Amino acid sequence: MNLKDKIRVVEDFPKEGISFKDITTLLQDGEAYKKAIDLCIDEVKDEEFDIIVGPEARGFLIGAPMSYATKKGFVPIRKPGKLPYETVKYEYELEYGTDTLEIHRDSIKPGQKVLIVDDLLATGGTTASTIKLIEQLGGEVIGVLFLIELTFLKGKEVLKGYDVKSIIKY
């Protein structure tokens, strides 16, 4: 089964010139979803990590099932105001403005080995911000795994110095 065939490409979404990779069609196919998660787990089977972190919201869809299958904890990274306990925030620059991510203050213990999992690597900005939050709490990012990588956007360059892996490349 070719997972790329299970991903719908929507042209000019969310704006003209963008070729959006829609994973909802892959998620709707139980066999394809299982294969995607299995491939992600296989990609990091030799890595030593304590916990998986997934950024909102599609990182939850890849990270949570991986967490379940590997018997590792899962930590969500959220937009402001979504987490109920004390948080640490990181504000980062976007093309037009800024955005903010939050993590619970007690979700990463100093010295914990962390694997970041998300659905897509584009420019790397969200992941770089996620790394900053984890490191601010004393965690050690041992790797970053994406289901999809848009290689032409060179997000890997933003994440230089980290072990970055992806399953499907465009």
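Largest GNM mean-square fluctuation among 144, 158, 117, using the chain with Cα springs under 10 Å: 158. Given R0 = 45 Å, the distance between the Cβ atoms of residue 1 and residue 132 translates into a calculated FRET efficiency of 0.80.
Quick one: which of 35/169; 21/113; 6/71; 89/109; 4/109; 6/89 span more than 25 angstrom between C-alpha atoms?
Values: 35/169 16 Å; 21/113 30 Å; 6/71 27 Å; 89/109 16 Å; 4/109 37 Å; 6/89 35 Å.
Exceeds cut-off: 21/113; 6/71; 4/109; 6/89.
Using only C-alpha atoms and all pairs of different ones, pull out the Kirkwood radius for the chain in Å with one decimal. Could you put the intermediate results ahead of the total?
Values: mean 1/r = 0.0611 Å⁻¹.
Computed over Cα pairs of the chain, the Kirkwood hydrodynamic radius comes out at 16.4 Å.
When the GluC sites (Glu not before Pro) in the range 1-47 are filtered for DSSP coil states and for at most 14 other beta-carbon atoms within 10 Å of their beta-carbon, the remaining sites are 16, 47.
A simple spin-label model places the labels of residue 34 and residue 10 2.8 nm from each other, with each point 7 Å out along Cα-to-Cβ.
At 222 nm, what helix-only mean residue ellipticity would the chain give, in deg cm²/dmol to the nearest 500, using -39500 (n - 2.57) for each DSSP H run of four or more? Provide the component values of the computation, followed by the final result.
Working: 5 runs with 48 residues, N = 170.
Helix contribution divided over all residues of the chain: -8000 deg cm²/dmol.
Checking every one of the chymotrypsin sites (Phe, Trp or Tyr not before Pro) in the range 61-129 against DSSP loop status and a limit of 13 other Cβ atoms within 10 Å picks out 85, 96. Remark: spin-label model distance residue 96-residue 46 equals 4.5 nm, labels positioned 7 Å along the Cα→Cβ axis. In order along the range 121-127, the phi-based Karplus estimate (6.51 cos²θ - 1.76 cosθ + 1.60, θ = phi - 60°) of 3J(HN,Hα) comes to 9, 10, 8, x, x, 5, 5 Hz; Gly and Pro are listed as x.
Might you report the magnitude of the Cβ-based charge dipole of the chain about its Cα centre, with Lys and Arg at +1 and Asp and Glu at -1, to the nearest 20 debye?
Dipole magnitude for the chain comes out near 200 debye.
Read-outs throughout are calculated quantities, based only on the coordinates presented, and are distinct from any laboratory measurement. In this text, all values refer to a predicted model and were calculated from it rather than measured experimentally. All Cβ positions, glycine included, derive from the backbone under ideal geometry; neighbour counts span all protein chains shown.
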